[in-house]
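The values are calculated or read from the model by the stated rules, or taken from the named source; none is laboratory data. Source: prediction; values computed, not measured. Here Cβ is always computed from backbone atoms with ideal geometry, including for glycine, and neighbour counts include all displayed protein chains.
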């Protein structure tokens, strides 16, 4: 897909990511400029998680998410989660713990999920970029109420 079309899809998928939504959810946007979405979550108790999403080729391919500390340091251990979407093992392509959830590049390239093709689900509303981020946030906040 042409880079300008990927950028347009990225911007369309994140059009609802405004200050009001971020304030309501405890989100901080560090960067929202194609092809990067860099966003942080803060729990009511002050716990934090930052996601750095590389979205080049969106949505021909899913976004690649890196888990980070608030200062942008890449995490080498996953945050607690009762949803099991945060996989503590090292992904064979990144060498880092990863988000094991449909809609992330690490999930669709992991040997246990290569048969779950991104192209079969990418057009569904729940796999728009903002929805994928919301699903990750929901998984994280269950362990950080």
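Scanning the stretch 1-24 for residues being in contact with a helix residue (DSSP H, G or I) (Cβ under 7 Å, 6 or more places away or on another chain) and surrounded by 16 or more Cβ atoms within 10 Å (Cβ to Cβ) gives a total of 4.
For every residue, the table says whether it meets (1) without any contact (Cβ under 8 Å) to a residue 12 or more places away in the chain; (2) crowded, with 20+ Cβ neighbours inside 10 Å; (3) closer than 25 Å to residue 43 by Cβ.
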| residue | (1), (2), (3) |
| --- | --- |
| 83 | no, no, yes |
| 94 | no, no, no |
| 98 | no, yes, yes |
| 122 | no, no, no |
| 141 | no, no, yes |
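Scanning the stretch 23-41 for residues that are more than 15 Å from the chain's Cα centre (by Cα) and closer than 18 Å to residue 135 by Cβ turns up 24, 25, 26. Selection of the stretch 69-96 for residues being closer than 21 Å to residue 134 by Cβ and either part of a loop (DSSP other than H, G, I, E, B) or at pLDDT 95 or above (or both) yields 70, 75, 78, 79, 80, 81, 82, 83, 84, 85.
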